[in-house]
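Peer 1: There's a structure below that I have some questions on.
The values are calculated or read from the model by the stated rules, or taken from the named source; none is laboratory data. Predicted model, so just to flag it, every value in this text is computed and none were measured. Every residue, glycine as well, gets a Cβ built from its backbone with ideal geometry; the counts of neighbours run over all protein chains shown.
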């Protein structure tokens, strides 16, 4: 079996990479020991600590290596503590320095660095307490001063900070009491806004002033009730947007106010109804009647207060729909599609028989269709009997009544061509 000083250290391969290996491939405890001593000589405690751990694991029973191990561990911990102090991680530094002093209670360097870390921690806590006190964060300042004294009992700046904090706290409590009394007086005179201000200030300055809590709640409830009543008045007056804004704002500070949620929902519904009616009016003006119909149907489903307004707009929409249908039928009539126009007029007249000149137009179109039909039949009879001129005359009459009736134009052209041939 190889001697302990020659064993390879597979479990510690990662640490061994930090230490140069001999050409043979396996590190020896003596080689690692030499590397550790060399690193100590140049104050490279990181390499020294890595090397001595390898040496110790390789030769755990070597007393010389064991002695060097504890010496280097102390140096390594001290070096780490110094780095932590440099980076303002003083709490961690103190933990490392305590380990050093546990190993070497007489280590003056560790003692000096411990004092330095404590001084830094104390100074930071005192400065934080003074800053917090200036900004009015008295409880946080109190914690900071006590933290400073926990690091360095008797620190004069921390003790003075606590004393000043006590004086400030007493002044603040006196001011809070003064605000409380002003609030109570204002409340007795029903000066509600003033009462709320003073009572809220009293509790802000001194959260322990319990006697101000109930009066403040009563004042806040009274203000909330007044705001609710004002919002209800706005709602009843039709100022739905204003009511909705007031109620939404009130809900932030007094969400449990009875009736608030119900009235807010109604105000929001009516506000949305107003917007839908306005949108429908714009759609009607643009000729988007389908869009207007959808807007008004939605508005009617939402509203309780504006049904008449919505219905008035629906009447206007219906008139525009009738106009649209009427002029669409008229366009068909102008194109000579008399039968289609008549069907459209009749359909429109079924629900609105008195609209515009609908009765007259229906009667006129029926007459034209009847006369065109008679003339067409007479022309056909004349053509069949060989009366070309009579047929042309009758078919020409058809065109006066119904320009696009059946094949009238084609038959006239054919008859005229036949007549011209016979004359020639």
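Peer 1: What are the pairs with Cβ atoms under 7 angstrom where one residue, in segment 315-328, is under 12 Å from residue 355 (Cβ atoms) and the other, located anywhere, is at pLDDT below 95 and outside any helix (DSSP H, G or I)? Sequence gap at least six, or different chains.
Peer 2: That search, which allows pairs on different chains as well, returns 322/352; 322/355; 326/355; 326/356.
Peer 1: Restricting attention to segment 99-122, and to residues there that are out of contact with any helix residue (DSSP H, G or I) (no Cβ under 8 Å at 6 or more places or on another chain) and part of a helix (DSSP H, G or I), which single residue is nearest to residue 76 (Cα to Cα)?
Peer 2: Narrowing segment 99-122 to residues out of contact with any helix residue (DSSP H, G or I) (no Cβ under 8 Å at 6 or more places or on another chain): 102, 105-106, 108, 112, 115, 119.
Filter once more, so that each one left must be part of a helix (DSSP H, G or I): 102, 108, 112, 115, 119.
Working: 102: 14, 108: 16, 112: 16, 115: 19, 119: 23 Å.
That would be 102.
Peer 1: Consider residue 165 carefully, then state whether it is part of a helix (DSSP H, G or I) and either at pLDDT 85 or above or loosely packed, with under 14 Cβ neighbours inside 10 Å (or both). Lay out the reasoning, then the answer.
Peer 2: Numbers: part of a helix (DSSP H, G or I): yes; either at pLDDT 85 or above or loosely packed, with under 14 Cβ neighbours inside 10 Å (or both): no.
Judged against the criteria, residue 165 is not a match.
Peer 1: Within segment 126-137, count every residue that is at pLDDT below 85, more than 16 Å from residue 90 (Cβ to Cβ) and surrounded by fewer than 17 Cβ atoms within 10 Å (Cβ to Cβ).
Peer 2: 4
Peer 1: Name, by its number, the condition in (1) outside any helix (DSSP H, G or I); (2) within 30 Å of residue 321 (Cβ to Cβ); (3) without any contact (Cβ under 8 Å) to a residue 24 or more places away in the chain that does not hold for residue 349.
Peer 2: Residue 349 satisfies every listed condition except (1).
Peer 1: So for segment 81-88 (the condition being surrounded by fewer than 17 Cβ atoms within 10 Å (Cβ to Cβ), within 23 Å of residue 44 (Cβ to Cβ), touching a helix residue (DSSP H, G or I) at 6+ places or on another chain (Cβ under 7 Å) and touching a residue at least 12 places away in the same chain (Cβ under 8 Å)), does at least one residue qualify? Can you show your working first?
Peer 2: In the first step, residues of segment 81-88 are kept if they are surrounded by fewer than 17 Cβ atoms within 10 Å (Cβ to Cβ); the result is 83, 86-88.
Next, only the ones that are within 23 Å of residue 44 (Cβ to Cβ) stay: 83, 86-87.
Cutting the leftovers down to touching a helix residue (DSSP H, G or I) at 6+ places or on another chain (Cβ under 7 Å) gives us none.
Looking for residues that are surrounded by fewer than 17 Cβ atoms within 10 Å (Cβ to Cβ), within 23 Å of residue 44 (Cβ to Cβ), touching a helix residue (DSSP H, G or I) at 6+ places or on another chain (Cβ under 7 Å) and touching a residue at least 12 places away in the same chain (Cβ under 8 Å), one finds none in segment 81-88, hence no.
Peer 1: Would you confirm, using the coordinates I've provided, whether residue 275 is at pLDDT 95 or above and either surrounded by fewer than 17 Cβ atoms within 10 Å (Cβ to Cβ) or in a helix (DSSP H, G or I) (or both)?
Peer 2: Here the answer is yes, as residue 275 does meet what is asked.
Peer 1: Turning to a different aspect of this structure: With the requirement that a residue be exposed (fewer than 14 other Cβ atoms within 10 Å of the Cβ) and either touching a strand residue (DSSP E or B) at 6+ places or on another chain (Cβ under 9 Å) or under 16 Å from residue 120 (Cβ atoms) (or both), what does segment 138-162 give you?
Peer 2: Hit for segment 138-162 is 150, nothing else.
Peer 1: So, residue 304, is that one surrounded by fewer than 15 Cβ atoms within 10 Å (Cβ to Cβ), touching a residue at least 24 places away in the same chain (Cβ under 8 Å) and closer than 30 Å to residue 267 by Cα or not? Can you show your working first?
Peer 2: Working: surrounded by fewer than 15 Cβ atoms within 10 Å (Cβ to Cβ): yes; touching a residue at least 24 places away in the same chain (Cβ under 8 Å): yes; closer than 30 Å to residue 267 by Cα: yes.
For residue 304, the condition - surrounded by fewer than 15 Cβ atoms within 10 Å (Cβ to Cβ), touching a residue at least 24 places away in the same chain (Cβ under 8 Å) and closer than 30 Å to residue 267 by Cα - is met.
Peer 1: Go through segment 402-411 and give me each residue that's surrounded by 14 or more Cβ atoms within 10 Å (Cβ to Cβ) and in a helix (DSSP H, G or I).
Peer 2: 408, 409, 411
Peer 1: Just to be sure I understand, how many residues within segment 352-401 are farther than 30 Å from residue 328 by Cβ and outside any helix (DSSP H, G or I)?
Peer 2: 3
Peer 1: Continuing with the same structure: Starting from residues that are under 56 Å from the mean Cα position of the chain (by Cα) and assigned to a helix (DSSP H, G or I), keep the ones in segment 36-54 and report whichever is farthest from residue 79 (Cα to Cα). Step through it out loud before you land on a result.
Peer 2: First pass over segment 36-54, keeping only residues under 56 Å from the mean Cα position of the chain (by Cα): 44-47, 49-50.
With the extra rule that they be assigned to a helix (DSSP H, G or I), the set shrinks to 45-47, 49-50.
Working: 45: 7, 46: 9, 47: 12, 49: 11, 50: 14 Å.
Out of the qualifying residues, it is 50.
Peer 1: When segment 208-227 is examined, which residues are found to be more than 18 Å from residue 190 (Cα to Cα), in a helix (DSSP H, G or I) and in contact (Cβ under 8 Å) with a residue 24 or more places away in the chain?
Peer 2: Let us first name the residues in segment 208-227 that are more than 18 Å from residue 190 (Cα to Cα), namely 208-211.
Right, trim to in a helix (DSSP H, G or I) and you get 210-211.
Hit for segment 208-227 is 211, nothing else.
Peer 1: Right, something else. Only residues that are buried (at least 18 other Cβ atoms within 10 Å of the Cβ) and more than 20 Å from residue 255 (Cα to Cα): list them for segment 183-208, please. Walk me through how you get there before you give the answer.
Peer 2: At the first step, the residues of segment 183-208 found to be buried (at least 18 other Cβ atoms within 10 Å of the Cβ) are 183, 186-187, 195-196, 198-199, 201-203, 205-206.
Correct list: 183, 186, 187, 195, 198, 199, 201, 202, 203, 205, 206.
Peer 1: Condition first: in contact (Cβ under 8 Å) with a residue 24 or more places away in the chain and either surrounded by fewer than 21 Cβ atoms within 10 Å (Cβ to Cβ) or over 25 Å from residue 98 (Cα atoms) (or both). Now tell me which residues in segment 55-70 satisfy that.
Peer 2: Across segment 55-70, the qualifying residues are 55, 57, 58, 59, 60, 61, 62, 64, 68, 70.
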